[in-house]
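Below is one structure, written out as structure tokens, with a few remarks after it.
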Amino acid sequence: MSADLLFKPVRELGELVRTRQLSPVTLTELCLDRLERLGPKYNAVVTITRARALSQARRAEGEITAGRYRGALHGIPYGAKDLLATAGTPTTWGAAPYREQRFDFDATVIGKLEDAGAVLCAKLAMIELAGGMGYRQPTASFTGPCINPWDTGVWTGGSSSGSGAAVAAGLVPFAIGSETWGSILSPAGYCGLAGLRPTYGRVSRHGAMALCWTLDKLGPLALTADDCGLVLEAIAGADSADPTASERPYRYEVTDRGGFRFGVIPDVTDGCEEAVVANFRRSLDELAKIGTVEEVTLPDLPYEQITRTILQVEAVGAFEDLIESGGIAELTAPEDRFTPYAREAILAQDYLKAVRLRGVMAREIDRVISRFDALVAPGRINEAPRLGQEFRSAIRATAKDVMGAVGNGAGLPAVCVSNGVGARGLPTSLQFMGRAWEENRVLDAARAYQSLTDWHTRHPKLD
Amino acid sequence: MPETPNPEVVTLFALVANRYGDRLTTEQLDEIKRMVEGQVEAARALRAVRLSNADEPFQHFAAYRSDASTPDRSALASPLENERLGSKGAPSPEGRGIRP
């Protein structure tokens with residue numbers, strides 16, 4: 001069985017499975033073999049769920065043979081960021097103090113994927129506590145730095161690091177990640193993948209590690225925007241165990257439309273690497289073939305300060321026990337062992353001001369973005385940082401990221417896709433951010449962009 | 001000429017140092033001081049925006065009833081209530097994944 005199979009989009013794999021040209025058991029065994037053989041090379045995997053995977057794959061095969069096909073994910077292997085609870089296996093949150101932690105239930109997302117017939121093959125590596133303690137460099141996980149399949153000297157991005165590495169290396173066809181601020185778009189962008197950050201509330205967070213209750217979102221990383229839509233349909237929906245999970249129905253619909261309206265913030269490439277700017281300009285030329293591109297100015301608000309303040313306060317609240325007890329001293333990244341203490345000096349009044357301003361931000365951005373199908377911007381400011389190197393981050397105020405601050409602070413959906421390579425031959429990316437609950441519009445736009453380009457068909461050469 | 005320290009930074013840093021200083025090195029405390037400076041800078045940007053009396057926190061609150069038919073955040077049982085209800089109660093916050 002050729003590994004090339006794992007560089008086929010989920011939609012194609014699903015069709016092969018549906019027409020019984022491909023056995024879910026064979027496909028799962030291929031993934032398990034690659035996860036075992038190549039996973040350690042990229043520090044991508046925490047736990048391989050072999051027994052569960054084979055059981056799910058055999059069940060899928062039996063059902064499909066019996067004519068009970070469940071849909072595009074039936075019999076398709078995947079990996080989950082190790083902050084999602086799974087019964088019977090450890091859920092480590094990427095952090096040494098929790099390496100033995102176990103839950104006796106599955107997160108809602110895991111359950112929904114099981115209902116869709118998908119096959120859980122692995123719990124994937126992540127930055128400890130989803131990066132919420134203020135990490136500055138890739139070695140902030142008890143499983144080591146996640147290595148980028150495009151270049152073993154560089155990082156995958158984070159905090160859904162293993163989710164990025166595993167899909168880019170063809171270990172699984174798709175993976176689930178989480179984003180509080182940047183944690184899906186970063187590994188997707190650095191690993192040349194499509195990553196979808198859904199609207200806050202689109203996907204239940206039940207059973208997911210809480211970092212910031214009002215910012216955490218779960219979403220897919222895959223080879224194409226289309227695949228992200230297929231996965232989102234399976235995981236979206238209301239959940240009595242998560243009151244923030246919306247009852248708004250979601251159905252992924254593929255429309256072959258044109259006439260898009262794209263908006264660009266004038267200074268959105270400030271601070272980006274030269275190649276990122278050049279590739280973004282080229283992307284705008286491509287987008288002009290399928291719609292209009294116009295500059296749009298956002299109202300003057302302290303976007304980054306709003307979202308950063310909320311993130312910092314919620315993160316220390318969520319891990320109050322670990323911080324108060326001094327348990328953070330057991331974390332891997334030296335900076336994670338003391339950064340949270342500084343955040344205890346944020347005044348309640350300032351936090352409350354940020355939460356009040358968040359409403360202004362949400363209303364203002366909705367007014368602006370409602371005129372467009374999507375605001376577009378570079379997905380990342382640079383190519384993937386080198387291992388052992390400190391990276392810049394808007395969360396620590398060492399980089400600008402207005403799109404990330406607005407998108408996460410207001411809970412808006414965004415999809416990130418590959419749009420070229422930079423000076424070091426590594427992927428650069430383009431993001432489409434839409435109005436709340438308009439995942440299909442940003443996916444339409446990203447899919448249309450991918451139909452004009454072939455960056456998503458390029459994969460790293462693995463030794 | 002050395003810069004005059006911002007009194008707000010001094011006060012807020014002292015709060016952290018008093019509370020956690022015994023578990024931190026001098027280098028870590030220096031870094032925390034720089035972080036507090038950044039936080040005060042961010043707070044200044046937030047404070048500079050004027051809001052009206054009607055600008056509420058953008059966060060949902062709902063009054064609680066245990067028999068509420070529609071789930072909302074307030075329907076989550078408190079840890080004390082879980083303890084009282086034992087296994088018959090709503091899932092514990094840990095079980096729900098709401099808290100570590």
Worksheet entry | Relative contact order, percent, the range A:147-276 [alpha-carbon distance under 8 Å, six or more residues apart] | 20
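A:Ser183: net charge of surrounding residues, Cβ under 10 Å, Lys/Arg +1, Asp/Glu -1, itself excluded?
+1
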Item to complete: Rank-order A:22-28, A:47-53, A:213-219 by packing density, defined as the average count of other C-beta atoms within 10 Å over each peptide's residues, highest first.
Response: A:213-219, A:22-28, A:47-53
Item to complete: Taking all protein chains together and a probe of 1.4 Å, list A:Arg58, A:Arg343 from the most accessible to the least accessible.
Response: A:Arg58, A:Arg343
Practice prompt. Over the whole of B:52-62, what's the average partner chain Cβ count within 10 Å per residue? Rounded to a whole number, please.
Written response: 4
Discussion item. Quick query: amide H of A:Ser429 versus all other amide H atoms, modeled in the peptide plane; which residues come in under 5 Å with a sequence gap of 5 or more or a different chain?
Written reply: A:Gly379, A:Arg380, A:Asn419
Worksheet, complete the sentence: Counting only residues 5 or more apart in sequence or on a different chain, those whose built amide H sits under 5 Å from that of A:Phe260 are A:Gly291, A:Thr292
Fill in: Shielding by partners, peptide A:302-314 (average Cβ within 10 angstrom, other chains)
3
Discussion item. Given an 8 Å cut-off on Cα distances and at least 6 residues of separation, report the relative contact order of the range A:301-423 as a percent.
Written reply: 37
Discussion item. Rolling a 1.4 Å sphere over the protein heavy atoms, what is the accessible area per residue of the range B:7-48, to the nearest Å²?
Written reply: 57
Fill in: Helix-only [θ]222 nm of the protein assembly as shown, DSSP H runs n ≥ 4, -39500 (n - 2.57) each, per residue, nearest 500
-11500 deg cm²/dmol
Response to the item:
With the full set of protein chains present, the residues of the range A:204-239 whose 1.4 Å probe accessible area falls by 10 Å² or more relative to the chain alone are A:Arg205, A:His206, A:Gly207, A:Ala208, A:Ala210, A:Trp213, A:Thr214
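Largest first, what is the accessible-area ranking of A:Glu29, A:Glu179, A:Glu438 with a 1.4 Å probe?
Numbers: A:Glu29 90, A:Glu179 0, A:Glu438 55 Å².
Ranked from most to least accessible, the order is A:Glu29, A:Glu438, A:Glu179.
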Practice prompt. Using only alpha carbon pairs under 8 Å that are at least six residues apart, calculate the relative contact order of chain A and give it in whole percent.
Written response: 18
Worksheet item: With charges set only on the Cβ (+1 for Lys and Arg, -1 for Asp and Glu), what does the dipole of the protein assembly as shown come to about its Cα centre, in debye to the nearest 20?
Response: 840
Worksheet item: How much net charge surrounds B:Asn6 when only other residues with a Cβ under 11 Å from its Cβ are counted (Lys, Arg +1; Asp, Glu -1)?
Response: -2
Worksheet, complete the sentence: The Kirkwood hydrodynamic radius of the range A:299-443, taken as the inverse of the mean 1/r over all distinct Cα pairs, in Å, comes to 17.2
Fill in: Kirkwood-type radius of the range A:60-122, with distances r between different C-alpha atoms, in Å
12.7
Practice prompt. Work out the length of the dipole vector of the range B:7-48 about its Cα centre, built from +1 on the beta-carbon of each Lys and Arg and -1 on the beta-carbon of each Asp and Glu, and round it to the nearest 20 debye.
Written response: 180
Worksheet item: Shielding of A:394-406 by partners, i.e. mean partner chain Cβ atoms within 10 Å per residue?
Response: 1
Fill in: Translational diffusion of the range A:379-463, µm² s⁻¹ [Kirkwood Rh, Cα pairs; Stokes-Einstein; 4 °C; 1.567 mPa s]
89
Discussion item. Tell me the Rg and the Dmax, in Å, that the Cα atoms of the range A:274-375 produce.
Written reply: 19.7, 57
Worksheet item: What helices does chain A have that are whole DSSP H segments, at least 18 Å long along their own axis by Cα, and with mean Kyte-Doolittle hydropathy of 0.0 or more?
Response: A:303-318
Worksheet item: When the scattering of the protein assembly as shown is computed by the Debye formula from its Cα atoms alone, each counted once and equally, what is log10 I(q)/I(0) at q = 0.07, 0.08, 0.13 Å⁻¹?
Response: -0.38, -0.49, -1.38
Worksheet item: Ballpark to the nearest 100 Å², how much total accessible area do B and A bury together, probe 1.4 Å?
Response: 3800
Practice prompt. Compute the accessible area per residue over chain A, keeping the other protein chains in place, probe 1.4 Å, unit Å².
Written response: 32
Worksheet entry | Net +/- balance of residues flanking A:Gly258 in space, Cβ distance below 14 Å, scoring K and R +1, D and E -1 | +1
Fill in: Protection proxy ranking, peptides A:290-296, A:105-111, average beta carbon neighbours within 10 Å, highest first
A:105-111, A:290-296
Worksheet item: At a probe radius of 1.4 Å, what is the per-residue accessible area of A:Ser240, in Å² to the nearest 10?
Response: 100
Response to the item:
Descending packing, highest mean Cβ count within 10 Å first, for A:247-256, A:191-200, A:314-323 is A:191-200, A:314-323, A:247-256
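Using only Cα atoms, what is the ratio of the radius of gyration of the range A:1-126 to 2.2 N^0.38 Å?
1.05
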Worksheet item: Given the convex hull of the Cα atoms of the range B:7-48, what is a quarter of its surface area in nm²?
Response: 2.9
Practice prompt. About the Cα centre of the range A:299-448, how large is the charge dipole given +1 on each Lys and Arg Cβ and -1 on each Asp and Glu Cβ? Please answer in debye to the nearest 20.
Written response: 600
Practice prompt. Return the carbon/sulfur percentage of the accessible area of the protein assembly as shown, one whole number, probe 1.4 Å, all protein chains in place.
Written response: 49
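The values are calculated or read from the model by the stated rules, or taken from the named source; none is laboratory data. The structure displayed is predicted, hence computed values, not measured ones. Ideal geometry is used to build each Cβ from the backbone, glycine not excepted, and the neighbour counts take in all protein chains shown. Please note that ligands, DNA and RNA were not included when accessible areas were found on the heavy atoms of the full protein model with its side chains. Shrake-Rupley method; radii C 1.70, N 1.55, O 1.52, S 1.80 Å.
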